[in-house]
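Read through the structure below, which is laid out as structure tokens, and then see the notes.
The values are calculated or read from the model by the stated rules, or taken from the named source; none is laboratory data. Please read these numbers as outputs of a predicted model, since none were measured by experiment. In this analysis, Cβ positions are derived from the backbone assuming ideal geometry, glycine residues included, and neighbour counts consider all displayed protein chains.
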Amino acid sequence: MRYKSLFLIALVAVSCGSGTGGNTNSDVQDASVDTTLIDTDTENAGRVLATLPSSHEIIAVLVDHPDTKYDASLLNSQKSYLKYNTTMSKSLNLGAYGVDMSYASLFNQNQTVLQYMAVVKTMAEQLGIMQFFDEPTMQKMESNLDNKEVMIDIISDAFYKSDQYLLENGQREIAAMIISGAWIEAMSTAFHLTKGQYAFNKKLSSRILMQCEAVDVMLEFLTEYQDGGINDIIKDFQEIYMLVKQSGISIRDDLYYCDDTAFKNIFDKISQIRSRYVSL
């Protein structure tokens, strides 16, 4: 089964957005500047999505492992959304909730999926992209809960359209935050399901390291939208990047590999960042 990029689902949420500060009206009013930004952002976003491995495929791999069980403790609590009161916390965790919804869907946790759908709908409204999570879309999701592939396609389409909307309206930083939150949540979930041990599920661990190797693309993408609103996020990805570079990732028997210490170091760093994001 082929899954769309986790970034499109939530990663569920692939986007580029405006920051927590700054006035975007001037960008909208200046058509020549706006057009340049749209073209550049669309090209960069497309490159990110094309370069990064599919996070949904990462999640799908772990489902096939006989020793991997559904673990609800890895999810960000649905109730947590009530405390997110800044653009950054909402954007980062909308990305995280999208990943959590996909993870629950792949393990046939339909009631949990419905609960996350309600949270995603509320947060999308707060961020001004409610039109892509309207009642017909939600009803379509609900009627396809037992069809994972169709479900993921519906969610992917909704977030892809919201991504385009944010790009075209000069809200690049919000999208960058959503993508970052999704990437961190997906990687944290996958790492935890290896129990922090490369050998537990070598196929999943290989996909994780493949995604880690692409962190430089994420970092380049984020740096293009650098300002006071996302500097801390950029710093987080710089720290991941340094650990990845130091890890000595290589390919053995067609699988990405690094030693257990390096694997654990990356795992710990991503876990720390994830804990901070969901606690904002």
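Miscellaneous remarks
- Filter result for K148 (surrounded by fewer than 23 Cβ atoms within 10 Å (Cβ to Cβ), modelled with pLDDT under 85, closer than 25 Å to T68 by Cβ and in contact with a helix residue (DSSP H, G or I) (Cβ under 7 Å, 6 or more places away or on another chain)): yes
- Among the criteria (1) at pLDDT below 90; (2) farther than 19 Å from N147 by Cα; (3) under 16 Å from the mean Cα position of the chain (by Cα); (4) assigned to a helix (DSSP H, G or I), the one Q131 does not fulfil is (3).
- Note on the range 74-92: among residues that are farther than 14 Å from A118 by Cα and part of a helix (DSSP H, G or I), the one that is farthest from the chain's Cα centre (by Cα) is K83.
Yes/no per residue for (1) touching a strand residue (DSSP E or B) at 6+ places or on another chain (Cβ under 8 Å); (2) buried (at least 21 other Cβ atoms within 10 Å of the Cβ):
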site	(1), (2)
E224	no, no
G229	no, yes
S250	yes, no
I270	no, yes
S275	no, no
S279	no, no
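- Unmet criterion (only one of (1) touching a strand residue (DSSP E or B) at 6+ places or on another chain (Cβ under 8 Å); (2) at positive phi) for Y257: (2)
- Selection of the range 218-258 for residues being touching a Phe, Trp or Tyr at 6+ places or on another chain (Cβ under 8 Å) and not hydrophobic (A, V, I, L, M, F, W, C) yields S247, S250, Y257.
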